1. Which numbered condition in (1) outside any loop (DSSP other than H, G, I, E, B); (2) under 21 Å from the mean Cα position of the chain (by Cα); (3) farther than 18 Å from residue 359 by Cβ is the only one that residue 198 fails?
2. Looking only at region 292-338, count how many residues are modelled with pLDDT under 95 and surrounded by 13 or more Cβ atoms within 10 Å (Cβ to Cβ).
3. Of all residues in region 312-344, which are touching a strand residue (DSSP E or B) at 6+ places or on another chain (Cβ under 7 Å) and closer than 16 Å to residue 405 by Cα?
4. Anything in region 399-426 that is under 23 Å from residue 158 (Cβ atoms), in contact with a Gly (Cβ under 8 Å, 6 or more places away or on another chain) and either among the hydrophobic types (A, V, I, L, M, F, W, C) or surrounded by 15 or more Cβ atoms within 10 Å (Cβ to Cβ) (or both)? List them, or say none.
5. Restricting to region 274-291, name every residue that is buried (at least 21 other Cβ atoms within 10 Å of the Cβ) and touching a Ser or Thr at 6+ places or on another chain (Cβ under 8 Å).
6. Give region 243-259 a look and list any residue that's more than 16 Å from residue 312 (Cβ to Cβ) and either in contact (Cβ under 8 Å) with a residue 60 or more places away in the chain or buried (at least 22 other Cβ atoms within 10 Å of the Cβ) (or both), or say none.
7. Please tell me if residue 370 is surrounded by 17 or more Cβ atoms within 10 Å (Cβ to Cβ) and touching a Pro at 6+ places or on another chain (Cβ under 6 Å).
Amino acid sequence: MKHIFYNYKVLALAILVSLSSCGDILEPQPRLDISSESAITDKRGAEAALLGAYSELQSNNYYGFAYPALAYLSADGVDWSGSYNFYQQFDLNAIPSENSSIKSVWSQIYRVVNVSNNLIEKVPGIQDRNLTEVQRQKLLGEAYFLRALAYFDLGRAWGGVPLVLQPTVDKNSGKGIGRATLEQTYGQVLADLEQAEELLPTLTVRSRASKEAVWALKARLYLYQQNWEKAEEYATLVINSGKASLVQPYSAFYTDKLTEESILELAYDNADRNSHANYWLTSSRGGRYEWKPSASITQDLLNPAIGGSRSALIGSQVNGGTETIYGQKYTKVATGEDGAFILRVAEQYLIRAEARLKQNNLPGGLADLNEVRARAELQPLVILDLQAALLAVEQERRVELAFEGHRWFDLIRTDRAEEVLGIKDRNKLLFPIPNSELLADPDLGPEDQNPGY
């Protein structure tokens, strides 16, 4: 069985490098002599290609490290403390369009898009008696979901982006595709999620897309779009599904793997490593200590009335009379087995809490907020003012979802980033489109760059 799985991983690697682009997103340079036309022609090839798509999602240039890291560095929960100044640029909210991390993340997300596009195009036409219709639908559903997630992540970080919906085969692929608006980008996300919802089964494997994962991402998308009724509806579907629940203690979901907390979690191992711990931990614990929890979030997490059991996220060591604070959500530096928590049920309670409060349902919003607080071993909040309750949800998201990359986007979508972070230039609320992309893509020009870069 192990040998069979290994062979699938080898095949997946071969297929994904042939399907994914290198350099400009519209001009791939295949690195193995396996064409996409011959790769996805049967059940085995399609399954391997889908594993390749997940491998791209897990990359250290996406959820394995860089995408959430750039988001949490840009907010107020993490301070740069290391030697790589291109990360300091995020901490200072002063990112040039030549920043190498921006380029790497942008390109990596489009690699997920491209492998998904190949699956979406080719799986419907596969003629293989070993491929059942149920299996075909699941393959397609996961591909649509992964493309939706990729475009959602592009949209919230950069605004509207080029919507590449066909496989990238050569330098002429995607010709004529300019930059879409954010509304159009989110519209594509929703369209892909609608397709995925019809095709995917209910949750059985927490490391793969499912119907519940679609509902959870829909709830998040509707929250960003301020469609409060729909956000509540889909968060409720997730919560009532019985497929996910808040685990005790708080630390269990990140110290263990694939717990009931997770709706979608990427699982890593020694051969496929998550790199977060290397940047969080001190040198005495095997890390680089490139960044650390900020003083403000450290104070909140260690406050028994705010952090509760989430104080477990903060570690400290004393050397020569000097205390060093570090984060403990990612600690498996030796094996790289820390998870990437893309969708978990605690967020769904907080989405529903915010959506209910925005619809003037104070009791309902507080009930959801207090569910999350109860898991953190905190007393329930009693608040009579709606605006105060919304700020309480904002604070709860900050500590509950700490170091997972949500805070930056939360402050932007609620129009609170300037006030909370002290950012004086609203243009800095979007990342710059990599300058290399503007130079390489004839359908993008200087006018397509985000203002202020």
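The values are calculated or read from the model by the stated rules, or taken from the named source; none is laboratory data. Note that the structure is predicted; figures quoted are calculated from it, not measured. Positions of Cβ are backbone-derived with ideal geometry, glycine not excepted, and every protein chain shown enters the neighbour counts.
1. All conditions pass for residue 198, except number (2).
2. Residues flagged as modelled with pLDDT under 95 and surrounded by 13 or more Cβ atoms within 10 Å (Cβ to Cβ) within region 292-338 amount to 0.
3. Selection gives 313, 327, 328, 339, 340, 341, 342, 343, 344.
4. 403, 407, listed by residue number.
5. 277, 280, 281, 291
6. Once the filter is applied, which keeps residues that are more than 16 Å from residue 312 (Cβ to Cβ) and either in contact (Cβ under 8 Å) with a residue 60 or more places away in the chain or buried (at least 22 other Cβ atoms within 10 Å of the Cβ) (or both), region 243-259 yields 244, 245, 257, 258.
7. It is true that residue 370 is surrounded by 17 or more Cβ atoms within 10 Å (Cβ to Cβ) and touching a Pro at 6+ places or on another chain (Cβ under 6 Å).
Yes/no per residue for (1) within 30 Å of residue 43 (Cβ to Cβ); (2) not hydrophobic (A, V, I, L, M, F, W, C):
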| position | (1), (2) |
| --- | --- |
| 89 | no, yes |
| 105 | no, no |
| 134 | yes, no |
| 141 | yes, yes |
| 151 | yes, yes |
| 195 | yes, yes |
